[in-house]
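Please read the structure below before turning to the comments.
The values are calculated or read from the model by the stated rules, or taken from the named source; none is laboratory data. As the structure is a prediction and not an experimental result, all values here were calculated from the model. Backbone-built Cβ (ideal geometry, glycine too); neighbour counts: all protein chains shown.
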Amino acid sequence: MRGGFGHRMTADVERYKLSRLNRKILSLAWRYTRPHLGRLAMAFGAMLLVTGTTLAVPYLTKIAVDDYITPGVPGGLNRDGLNLNGLNLIFLALLATQVLFWLASYWQTFLSERVGQEIVYALRRDLFSKLLGFDMAFYNRQKTGIVTSRVTHDVDTVAELLSSGILNFSNDFLTLTGILFVMARFNLKLTLIAFVTAPLILAVLWLFGKKLRITYREVRRKAAELNAEVEESVAGMRVIQALSQEEAGAEKFAGVNWRNFKARLRAVSVFALLFPVLNLLGTLSRVLVIGFGGLSVLRGEISLGVFLAFLTYVARVFWPLRELSQVYNTFQAAAAGLERIHEYLTATPLVRESAQPRRPAGGFRGEVVFTSVSFGYEGREEVVKALNLQIRAGEALALVGHTGAGKSTIARLLTRMYDVDAGSITIDGVDLRDLSFADLRRAIGRVSQDIFLFNGTIRENIAYGKPGATEGEINRALKSIYADKVFAALPHGLEARVGEGGVMLSGGQKQLVAFARVLLADPRVLILDEATSSMDAYTEALIQKGLERLLAERTCLIIAHRFSTLQKVDRICVLEGGRITDMGTHAELSRRNTLYRNLYLKQVEGF
């Protein structure tokens, strides 16, 4: 049975423990941060200037008041002693401080954000490259939304911490430390009075922070449900309208939307209460400073300048205090994202490319051999059991059987979407696992029932099979399946846009694009996995007309429910329970094989 590497994708950030960080995960952060140490050092220098200028303004105000406005007069202003030259110097110093603060703030923000965007770019580039190399078993396990979240939300969170997050933390910590140090130097007693509410503020931040984490976690869950409902409804809009379920769909969405509204309203109510409480406690601190500080000024214990500086510092201390209270949450979210990114970047796909790939000695001719092949999807019983089959180069062979007999699984194994659990599959004597991915995908092409088209033009989707294909090559591919006139009849011809997933084309037109795309790549082995099942009669007639030409030029493995396709193949294999139970031509199997005959009669004669 198939195994695979596991992922702890469902763990909430709130439950993540920073103790889980290890050297490998931290080395990943260092790898993406190291190229930007120079810019981060300059940003750190700018941050020190921001902190310094923030602390300097109240201090300069204190000097102006004490040294130049009220020199030696604790009870009031001394106009005769007013030192205009000194005040002018202080004014210039304050002006220079503000200019320096503006420049330093700009450079800190610009440099840290640039580093953040470069880390985002590099992480997403490497992460997406890794995703392109994962096997189908990985995508069967993972939801699209989870994979998307890793490439978007997690990368943003990690990059923000590595660039601006650590700098902002340092800035807040140094600012708070600096304010405490300066205030204590001025007057320790008044400093203790000013910070008497600090324990209450920290308690409020902790309690409200805990409540906000719970409410925001619920907001994210409800938002995810809302997004999933919108995505599902848009994808299934044709079914909704075809069955006149618009009203039911609206009612279902209204329920999801209402739960999302309620969750957000609860978060807003908590958040709206937080700042008034903080402002109340901050105001209480300022009242205490005004009361005790004002009394100290009247008693001559402190100067008027110190008193004014205290008021300014107290007003500025609560912002870094609030920010520092959120540090754990910030680090926790980024660490959880970093671990999940690390899991993707270090994961080993089940289907891996050979370190020393080989090629057939005489080039690709198209002979395919299955030798004792067994395979089962993860956690399930074997779908293919000890299969032995040889497909000669240039031969057209079809697989028929009930749903679940293993037909499409054989096609997936031949294209190495999965690796066999036992046995081997070779092409021209070389095991598929020994081929490079590039050689394998040039040698084997597949057209399946489920066609995916990119949101572009018909021409772009056909040329996807061979980047840089010429106009002549595209036209030859279309003519080989008699599809050139079909697309020429469209208003914009091959320049017509197909829409997301090909929604602007009919099912038959999408199949013709898929046929032309794979034929442009010109594989030696062509797999048609129920490729004509969704075609209209006219489109299938075109394919049937060109089928002899296709079969004559390459090895073909055909999986089809429509028996009209099987009339032209060389051999037909009957599959039951993952095993080949019979083999022959259509005429031979119709005479001797009950299963084949019943399948044929059900379709052709409607029995």
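Summary of computed values
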read-out: Positions within the stretch 181-226 being outside any helix (DSSP H, G or I) and in contact with a Gly (Cβ under 9 Å, 6 or more places away or on another chain), in sequence order; value: 187, 197
read-out: Filter result for residue 114 (under 29 Å from residue 26 (Cβ atoms) and surrounded by fewer than 14 Cβ atoms within 10 Å (Cβ to Cβ)); value: no
read-out: Residue pairs meeting the criteria (Cβ under 9 Å; at least 6 apart or on separate chains; first assigned by TED's automatic domain parsing to the domain that holds residue 44, in the stretch 169-183; second of a type in the set (Asp, Glu)); value: 169/323; 171/323; 172/323
read-out: Single residue of the stretch 317-346 satisfying the filter (out of contact with any helix residue (DSSP H, G or I) (no Cβ under 6 Å at 6 or more places or on another chain), surrounded by fewer than 17 Cβ atoms within 10 Å (Cβ to Cβ) and not polar (S, T, N, Q)) that is nearest to residue 178 (Cα to Cα); value: 319
read-out: Where a residue in the stretch 147-162 is at negative phi and in a helix (DSSP H, G or I) and its partner, wherever it lies, is of a type in the set (Val, Ile, Thr) and crowded, with 22+ Cβ neighbours inside 10 Å, with Cβ under 6 Å and at least six apart; value: 154/341; 159/119; 162/119
read-out: Filtered residues of the stretch 186-208 (kept if farther than 19 Å from residue 286 by Cβ, surrounded by fewer than 18 Cβ atoms within 10 Å (Cβ to Cβ) and either touching a residue at least 40 places away in the same chain (Cβ under 8 Å) or not assigned by TED's automatic domain parsing to the domain that holds residue 283 (or both)); value: 206
read-out: Criterion violated by residue 432 - all others in (1) surrounded by fewer than 20 Cβ atoms within 10 Å (Cβ to Cβ); (2) under 34 Å from the mean Cα position of the chain (by Cα); (3) at negative phi satisfied; value: (1)
read-out: Residue list for the stretch 355-388, filter: aliphatic (A, V, I, L, M), surrounded by fewer than 16 Cβ atoms within 10 Å (Cβ to Cβ) and in a loop (DSSP other than H, G, I, E, B); value: 355, 361
read-out: Tally, over the stretch 566-599, of residues that are in contact with a Ser or Thr (Cβ under 6 Å, 6 or more places away or on another chain) and surrounded by 15 or more Cβ atoms within 10 Å (Cβ to Cβ); value: 1
read-out: Residue in the stretch 487-508 that is touching a helix residue (DSSP H, G or I) at 6+ places or on another chain (Cβ under 7 Å), under 30 Å from residue 365 (Cα atoms) and either surrounded by 19 or more Cβ atoms within 10 Å (Cβ to Cβ) or free of Cβ contacts under 8 Å to residues at least 60 places away in the same chain (or both) present; value: no
read-out: Which listed residue is assigned to a helix (DSSP H, G or I) and buried (at least 17 other Cβ atoms within 10 Å of the Cβ), from 178, 255; value: 178
